[in-house]
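What follows is one structure encoded as structure tokens, with my remarks underneath.
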Amino acid sequence: MFKKVRWFLFVLLAITVGLYPVMYFLVDREFGLLSTKSAELLANVFWNAGFYTHIIFGGLALLTGWLQFSASFRNKNLPIHRLLGKIYLVCAVLSATAGFAIGFFATGGIVAATGFISLAIIWFTTTLKAYFHIREKQVNAHRKWMTFSYAACFAAVTLRLWLPLLSAVFKDFTTAYIIVAWMCWAPNLAVAYFLTKRYEVSEKI
């Protein structure tokens, strides 16, 4: 029962936050994180291109990535698994690259910027490592690095869970945002590490 509830919450959060970027096209431009940006930055064509590339393809990565972790679906629908994997790869690389570019303009200065830039590099690197391993038919290594990749991708979810809590604790959005720039992904990678260690144990048994 616990596993089913955990899986349900995982899927629900991935889909909900994966669809979240749609809101930026339905409401006022100053919605969400855009409300913290300066008018000058919001008018910058290159920053806007990076921002919308990041959220659109990041959302698609979240929406296509979660299903890859269902063993029953993967085993019964291998062609679809491979197709979704290719879509995820393209979306992750594009979103991570754009995230790296706009990370330099993160609210909160250099500490927040370093956190988000680090996340972009980790997401980009782990995704490509997963891809190159599957090209070499190294399924176990592919599974390991894809777990790390989606853990980085899932930072979009954990950011939205941590930020309201941290804002309530510190009573200051900027302080909360500086912390969440690291908190949104570091614990995720720790979870991914323990999951991959469990994979290794199950493979030896």
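The values are calculated or read from the model by the stated rules, or taken from the named source; none is laboratory data. The shown structure was predicted, so the numbers you read here are calculated from the model rather than taken from an experiment. Virtual Cβ from ideal backbone geometry, glycine too; neighbours counted across all protein chains shown.
Among the numbered conditions (1) farther than 18 Å from residue 91 by Cα; (2) free of Cβ contacts under 8 Å to residues at least 24 places away in the same chain; (3) in contact with a Lys or Arg (Cβ under 8 Å, 6 or more places away or on another chain), the only one that residue 145 does not meet is (1).
Of all residues in the range 18-29, those satisfying the criterion of being in contact (Cβ under 8 Å) with a residue 12 or more places away in the chain and within 19 Å of residue 107 (Cβ to Cβ) are 20, 21, 24, 29. Within the span defined as the range 183-191, one or more residues are closer than 30 Å to residue 82 by Cβ, touching a residue at least 40 places away in the same chain (Cβ under 8 Å), under 12 Å from the mean Cα position of the chain (by Cα) and in a helix (DSSP H, G or I).
Only one of the numbered conditions (1) closer than 24 Å to residue 9 by Cβ; (2) loosely packed, with under 15 Cβ neighbours inside 10 Å; (3) touching a residue at least 12 places away in the same chain (Cβ under 8 Å) is violated by residue 104, and that is (1).
Only one of the listed residues (196, 174, 147) is at pLDDT below 95, within 24 Å of residue 64 (Cα to Cα) and among the polar types (S, T, N, Q). That residue is 196. For the range 145-161, the set of residues classified as part of a helix (DSSP H, G or I), buried (at least 18 other Cβ atoms within 10 Å of the Cβ) and either touching a strand residue (DSSP E or B) at 6+ places or on another chain (Cβ under 6 Å) or not polar (S, T, N, Q) (or both) consists of 145, 146, 148, 150, 151, 152, 153, 155, 156, 157, 159, listed by residue number. For the range 151-159, the count of residues that are without any contact (Cβ under 8 Å) to a residue 40 or more places away in the chain, farther than 14 Å from residue 116 by Cα and touching a Phe, Trp or Tyr at 6+ places or on another chain (Cβ under 7 Å) is zero.
Per-residue answers, yes or no, for (1) at positive phi; (2) assigned to a helix (DSSP H, G or I); (3) out of contact with any helix residue (DSSP H, G or I) (no Cβ under 6 Å at 6 or more places or on another chain); (4) surrounded by fewer than 18 Cβ atoms within 10 Å (Cβ to Cβ):
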site: 112; (1), (2), (3), (4): no, yes, no, no
site: 116; (1), (2), (3), (4): no, yes, no, no
site: 122; (1), (2), (3), (4): no, yes, no, no
site: 131; (1), (2), (3), (4): no, yes, no, no
site: 140; (1), (2), (3), (4): no, yes, yes, yes
site: 143; (1), (2), (3), (4): no, yes, yes, no
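Note on the range 26-106: enclosed helices (runs of 4 or more DSSP H) holding 2 or more residues that are modelled with pLDDT of 95 or more, under 22 Å from residue 151 (Cα atoms) and out of contact with any helix residue (DSSP H, G or I) (no Cβ under 7 Å at 6 or more places or on another chain) are 78-103.
Close Cβ contacts (under 7 Å, 6 or more residues apart or on different chains) running from residues in the range 88-99 that are farther than 14 Å from residue 119 by Cα to residues that are among the hydrophobic types (A, V, I, L, M, F, W, C) comprise 88/61; 91/57; 91/60; 91/61.
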